[in-house]
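Undergrad: One structure follows; several queries about it will come next.
The values are calculated or read from the model by the stated rules, or taken from the named source; none is laboratory data. Given the structure is predicted, the values throughout are model-derived calculations rather than measurements. Cβ: placed from backbone, ideal geometry, glycine included. Neighbour counts: every protein chain shown. Accessible surface is based on the protein model in full, side chains and every heavy atom, while ligands, DNA and RNA are left aside. Shrake-Rupley method; radii C 1.70, N 1.55, O 1.52, S 1.80 Å.
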Amino acid sequence: MLGSRAIEYANASADTRAVFDDIKATRNTDEVTNFWKYIAGDEKTLRRTWESVKEVMSPGALDPLVKELVYIAVSVTNNCGYCIASHRASALKAGMTEPQFNELLAVVGMANETNRLAIGHRIPIDRQFED
């Protein structure tokens with residue numbers, strides 16, 4: 001099957017190893033997770049994705065926990081089990097509690113339901129909500 005094998009560090013090119021090394025150093029870990037190993041079959045995609053993730057997920061106007069919660073919400077909506085699991089682990093590490101996780105899922109579920117109602121009914125945007 002095309003595109004479905006992991007690239008392990010020992011079998012990686014020098015360019016891929018450099019990205020893997022940066023991932024490990026940035027995340028202060030000895031392991032590279034499966035996501036990175038599986039996209040490493042295309043070195044350009046690996047490097048571009050890692051650089052983007054590293055930039056977007058670094059501390060900024062939103063603190064790291066908020067970013068992880070947003071990532072979980074989008075991942076739930078997109079039905080990405082891998083991303084839900086990995087970002088839930090990161091959110092727990094950043095201080096998320098189980099009640100926060102449960103409330104987040106309730107908000108995601110409600111937003112998806114009301115979004116579909118608004119789309120289905122083709123509800124026009126109220127003037128006070130316009131920029």
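Undergrad: Can you sort Arg127, Arg17 by solvent-accessible area, 1.4 Å probe, largest first? Don't skip to the answer; put the middle values down first.
TA: Values: Arg127 210, Arg17 80 Å².
Per-residue accessible area, sorted high to low, gives Arg127, Arg17.
Undergrad: I would also like to ask the following. Give the accessible surface of the chain per residue, rounded to a whole number of Å², with probe radius 1.4 Å and ligands, DNA and RNA excluded.
TA: On the way: 9440 Å² over 131 residues.
Result: 72 Å² of accessible area for each residue.
Undergrad: Expected output is a single nm value to one decimal: the length gained when fully extending between Glu113 and Phe101, i.e. 0.36 nm times separation in residues minus the C-alpha distance. What is it?
TA: Working: separation 12, 0.36 × 12 = 4.32 nm, distance 1.84 nm.
Gain on stretching Glu113 to Phe101: 2.5 nm.
Undergrad: A further question follows. Report, in deg cm²/dmol and to the nearest 500, the calculated mean residue ellipticity at 222 nm for the chain, where each DSSP H run with n ≥ 4 adds -39500 (n - 2.57) and the sum is divided by the residue count.
TA: Details: 6 runs with 86 residues, N = 131.
Theoretical 222 nm ellipticity from helices: -21500 deg cm²/dmol.
Undergrad: Right, another one. Taking the chain, how many lysine pairs are there with alpha carbons less than 16 Å apart, if each pair must be eight or more places apart or span two chains? Before the final figure, lay out the partial values.
TA: Values: Lys24/Lys37; Lys24/Lys54; Lys44/Lys54; Lys54/Lys67; Lys67/Lys93.
Final tally of qualifying lysine pairs is 5.
Undergrad: Within 10 Å of each candidate Cβ there may be at most 16 other Cβ atoms; applying that plus a DSSP loop requirement, which GluC sites (Glu not before Pro) in the range 1-51 survive? All intermediate terms of the calculation are to be shown ahead of the outcome.
TA: Working: sites: Glu8, Glu31, Glu43, Glu51; in loops: Glu8, Glu31.
Listed in order of number, the matching sites are Glu8, Glu31.
Undergrad: Can you tally the net charge around Ala91? Count Lys and Arg as +1, Asp and Glu as -1, for every other residue whose Cβ sits under 12 Å from the Cβ of Ala91. Don't skip to the end; give the middle numbers.
TA: Details: positive: Lys67, Arg88, Lys93; negative: Asp63, Glu68, Glu98.
Neighbour charge sum, excluding Ala91 itself: 0.
Undergrad: Determine the principal axes of the Cα atoms in the range 49-108, then give the extent along each, sorted from largest to smallest and rounded to whole angstroms.
TA: Its Cα atoms span 31, 22, 17 Å along the three principal axes.
Undergrad: Using θ = phi - 60° and the Karplus curve 6.51 cos²θ - 1.76 cosθ + 1.60, what whole-Hz ³J(HN,Hα) does each residue of the range 105-112 get, with Gly and Pro shown as x?
TA: Per-residue couplings from phi come out as 5, 5, 5, 4, x, 5, 4, 5 Hz.
Undergrad: Still on this structure: Please state the shape class of the chain: rounded when a/c is under 1.5, otherwise prolate if a/b exceeds b/c and oblate if not, all from the C-alpha gyration tensor. Please report the intermediate quantities before stating the final value.
TA: Details: a/c = 2.27, a/b = 1.89, b/c = 1.20.
Here the chain falls in the prolate category.
Undergrad: How large is the accessible surface of Leu105 in square angstrom, using a 1.4 angstrom probe and rounding to the nearest 10?
TA: My reading of the accessible area for Leu105 is about 60 Å².
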